[in-house]
Amino acid sequence: VFTDLLGDRPKGPTCSMSRLLCLSRVFGLPTITRRPFSTAQRPPLQILTSQSNDIIFNLATEEWLFSEAPLQSHILFLWRNSKTIVIGKHQNPWKECHIQALNNDSVTLARRRSGGGAVYQDLGNSVFSFLSPIKEFDIQRNNKILINALQAFGVTAEASGRNDIVVDGKKISGAAFKKTRDRGLHHGTVLIDIDLNALGKYLNPNKKKLESKGVSSVQARVLNLSSMLGDRINHDSWCESIKRAFALEYGYETVEHPNIESRTLDLRTLQSLPALNNGYLELKNWDWRFGVTPQFSDNFETRFNWGMMDVHIDCRNCVIEKVQIFSDCLYPEYIEILKEALQGIEWQHSGIEKAMQQVRQRNETVGERKEMFNGFTKDFEEFLHSECHGESAATASQRL
């Protein structure tokens, strides 16, 4: 990560010390984090806050902390994001989300590297990340911190199921987890004043999952803390409360203790780190967000003045392996042209553009029907783009 500052990383104990010294240089971490601590001592803590509301950049920062921060430290990373849907590592965005609604409203879709389900986030939602040495990674302890932070507002909460915190039976926080040999990550959301209408607009929860929760919609099982506390709670006041609860859980009466480093991460410094930016580009890439999707089928239909189109596709890794089109169009040869062009393309905008270019080339061979078929193609291409999500190669290149 730090070859530009330190050269090739040496093996053995020196490597660990070099990483800590460099982290100290980047973040201004206290001297205590440079040496191991006795098990009889209270561990060093780091409380880090993001300046960014970019979900992709925040996920990349979290991932960088997970792999590079001092292993003996317990870290609380606090952040929030502009409008976004975040899906779990193995989820299918076309099944979990209303893709066209995301596209219409410029809602970012991100895929995290941990498991769990799809969540909607906006600036009314606070995100926490607990990072701990693997031998001391304790989900119940982290939940206790969250519950105590809520208790400071007079809210009685409890852990529920695999990964939820609930108040009066309604979910106010959900979490996901990731572990390696050295470190554990527990991250999740806290609903402060999120747009609850957006949950139904952008999320497409599995009906069986809703039935298992005894509710009919996502909105029915969640609760904004602001509905209970009004303006007593917001992102900033919540962050202060969880900071205090975090410090108290590890035996510190104040977050001002010299063993606790509390810092807002400098955005320019983070942007200068090659490894973090490589992670950002990976998480932003269409191949990660959409291309790693498992095998799935999709179906969409519409009616044009020239015929009904009922399209079925089977995809693996977002490549169309099989396509079937049912239509009452009076020109069956045109439907065959479409099917042949769609076979084998990537199910993203650049793939659609490529397929429709092939269709236009085939239209050159149909004689007097050329202009009519080109009109059909224009209609159908616009329809496919409206059903798909993901940038064209040119657009993605410009944004990167």
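The values are calculated or read from the model by the stated rules, or taken from the named source; none is laboratory data. If you're wondering where the values come from, they're calculated on a predicted model, not measured in any experiment. Cβ coordinates were reconstructed from backbone atoms using ideal geometry, including for glycine residues, and neighbour counts include every protein chain displayed. What goes into the accessible areas is simple: the full protein's heavy atoms, side chains included, and nothing from ligands, DNA or RNA. Shrake-Rupley method; radii C 1.70, N 1.55, O 1.52, S 1.80 Å.
Specify the residue that is surrounded by the fewest Cβ atoms within 10 Å (Cβ to Cβ); the eligible residues are those in the stretch 257-290 that are basic (Lys, Arg) and more than 16 Å from ASN53 (Cα to Cα).
Restricting to residues being basic (Lys, Arg) and more than 16 Å from ASN53 (Cα to Cα), the top hit is ARG263.
Could you check how many residues of the stretch 68-88 are open to solvent by 20 Å² or more (accessible area, probe 1.4 Å) and without any contact (Cβ under 8 Å) to a residue 60 or more places away in the chain?
Count: 1.
Considering only residues of the stretch 147-167 that are assigned to a loop (DSSP other than H, G, I, E, B) and in contact with a strand residue (DSSP E or B) (Cβ under 8 Å, 6 or more places away or on another chain), which is most open to solvent (accessible area, probe 1.4 Å)?
THR156
Going by what's in this entry, would THR254 be described as open to solvent by 70 Å² or more (accessible area, probe 1.4 Å) and at pLDDT 90 or above? Write out each step before concluding.
Working: open to solvent by 70 Å² or more (accessible area, probe 1.4 Å): no; at pLDDT 90 or above: yes.
So THR254 fails the test.
In the stretch 123-146, which residues are out of contact with any Lys or Arg (no Cβ under 9 Å at 6 or more places or on another chain), farther than 26 Å from ALA198 by Cα and open to solvent by less than 40 Å² (accessible area, probe 1.4 Å)?
Across the stretch 123-146, the qualifying residues are ASN142, ASN143, ILE145.
Against the definition (in contact with a Leu (Cβ under 8 Å, 6 or more places away or on another chain), assigned to a helix (DSSP H, G or I) and under 18 Å from HIS187 (Cβ atoms)), how does LEU270 come out, yes or no? Full working, then the answer.
Values: in contact with a Leu (Cβ under 8 Å, 6 or more places away or on another chain): yes; assigned to a helix (DSSP H, G or I): yes; under 18 Å from HIS187 (Cβ atoms): yes.
Spelling it out, LEU270 is indeed in contact with a Leu (Cβ under 8 Å, 6 or more places away or on another chain), assigned to a helix (DSSP H, G or I) and under 18 Å from HIS187 (Cβ atoms).
Among (1) of a type in the set (S, T, N, Q); (2) within 21 Å of ASP164 (Cα to Cα); (3) modelled with pLDDT under 95; (4) not in a loop (DSSP other than H, G, I, E, B), there is one condition SER114 misses while meeting the rest; what is its number?
(4)
Can you pull out the residues in the stretch 47-99 that are within 30 Å of ASP298 (Cα to Cα), part of a helix (DSSP H, G or I) and of a type in the set (A, V, I, L, M)?
Residues satisfying the conditions are ILE55, ILE56, LEU59, ILE99.
Kindly list the number of the only condition in (1) farther than 17 Å from ASN374 by Cβ; (2) surrounded by fewer than 21 Cβ atoms within 10 Å (Cβ to Cβ); (3) within 30 Å of the chain's Cα centre (by Cα); (4) without any contact (Cβ under 8 Å) to a residue 40 or more places away in the chain that fails for SER350.
(4)
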